[in-house]
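What follows is a short report on a single structure.
The values are calculated or read from the model by the stated rules, or taken from the named source; none is laboratory data. Note that the coordinates shown come from a computational prediction; the quantities given were computed from them, not determined experimentally. Cβ atoms come from the backbone with ideal geometry, glycine included; neighbour counts cover every protein chain shown.
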Amino acid sequence: MSEGGALARLLAVQDLDTSITQLQHRRVALAEKAGLTALEMTLAALASERVGAAARRAELVAVQKDLEAQIAVISERRGGIEQRMYAARGSSTRDLQAMDEEVRHLTQRRAELEELELVAMVDQEPIDAELAVLAARAAPLEAQVTTVRAEVETGQAQIDAELATAVSARAAEAAELPTALADRYETLRQRLKGTGAARLTGHRCEGCHLELSAVEVERLRALPPDTVVTCDQCGRILVPV
Ligand SMILES: [Zn+2]
């Protein structure tokens with residue numbers, strides 16, 4: 001294989017590398033372009049609002065349950081005392097008065113706790129309304145996300161197929177390059193934003209888009225076709241076409 005053939009092959013590798021990079025960028029940009037990223041962010045914000053509201057509601061429910069438990073204990077104690085009062089007709093007036101006093105005290109305490117329980121229940125109402133609003137806002141967005149995500153996945157699958165073809169074509173071409181040329185190309189490519197080899201079209205280097213002097217172009221075109229030269233301006237391997 002001649003060097004001229006090697007340089008033509010190098011350009012083929014460069015073109016495939018450029019295509020692969022473009023496809024990878026397109027793949028990454030797909031979700032954003034389709035609006036999926038924005039939708040997902042909106043939904044995430046709604047979800048976090050819902051979590052916050054649900055936590056506030058759970059706190060109130062816990063308070064309510066705790067009050068209910070306290071109320072149950074008080075009711076049981078009051079019931080016990082009342083039974084003792086009915087059963088203790090022979091008790092002293094003083095004992096009956098003490099029991100009566102405790103029943104009144106427990107009744108009052110229970111009323112206070114029931115008032116607090118009512119507050120805890122009433123406070124849940126605006127949160128329930130808030131949760132309903134958040135759920136209503138999220139529902140159409142969730143449906144939209146499902147549709148858009150499916151579109152993005154279809155687009156990604158198409159790009160993946162193109163990528164697989166390009167990657168295997170690139171591997172086949174690169175395998176045929178002389179090792180020294182391949183290494184030099186890789187080094188330049190990493191240093192120069194993905195482009196290690198460029199066409200010389202007329203007087204212009206397609207790598208840096210600068211014009212070479214007529215004298216320099218004449219000199220390059222007169223070289224034997226197997227000569228590897230680089231652009232004076234950008235340092236890329238320059239291939240006259
Ligand atoms: Zn250049």
Which condition does Ala172 not pass, out of (1) touching a residue at least 12 places away in the same chain (Cβ under 8 Å); (2) under 46 Å from the mean Cα position of the chain (by Cα); (3) more than 16 Å from the ligand (Cβ to nearest atom), if it passes all the others?
(1)
Tally up the residues in the stretch 197-241 that are over 45 Å from the mean Cα position of the chain (by Cα) and of a type in the set (Ser, Thr, Tyr), please.
2
Scan of the stretch 179-224 for residues that are at positive phi and either touching a residue at least 40 places away in the same chain (Cβ under 8 Å) or within 11 Å of the ligand (Cβ to nearest atom) (or both), ordered by number
Gly194, His209
Give the residues of the stretch 48-60 that are surrounded by 13 or more Cβ atoms within 10 Å (Cβ to Cβ) and not acidic (Asp, Glu), sorted by residue number.
Arg50, Gly52, Ala53, Ala54, Arg56, Arg57, Leu60
Which of (1) farther than 21 Å from Leu16 by Cα; (2) away from the ligand (no atom under 12 Å from the Cβ); (3) not in a helix (DSSP H, G or I) is the odd one out, the single condition Asp232 does not satisfy?
(2)
Unique match (being crowded, with 19+ Cβ neighbours inside 10 Å, modelled with pLDDT of 95 or more and either of a type in the set (Ser, Thr, Tyr) or closer than 22 Å to Ala164 by Cβ (or both)) among Gln24, Gln14:
Gln14
Of the listed residues (Glu68, Glu32), the one being surrounded by 12 or more Cβ atoms within 10 Å (Cβ to Cβ) and either without any contact (Cβ under 8 Å) to a residue 24 or more places away in the chain or within 20 Å of Ala120 (Cα to Cα) (or both) is Glu68
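Each row is one residue, and each column tells you yes or no for (1) of a type outside the set (S, T, N, Q); (2) modelled with pLDDT of 95 or more; (3) within 24 Å of the chain's Cα centre (by Cα); (4) surrounded by 11 or more Cβ atoms within 10 Å (Cβ to Cβ).
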| site | (1), (2), (3), (4) |
| --- | --- |
| Gln97 | no, no, no, yes |
| His105 | yes, yes, no, yes |
| Arg109 | yes, yes, no, yes |
| Gln124 | no, yes, no, yes |
| Leu134 | yes, yes, yes, yes |
| Ala157 | yes, yes, yes, no |
| Glu162 | yes, yes, no, yes |
| Val167 | yes, yes, no, yes |
Criterion first (among the acidic types (Asp, Glu) and either touching a residue at least 40 places away in the same chain (Cβ under 8 Å) or under 20 Å from Val228 (Cβ atoms) (or both)) does Glu142 satisfy it?
yes
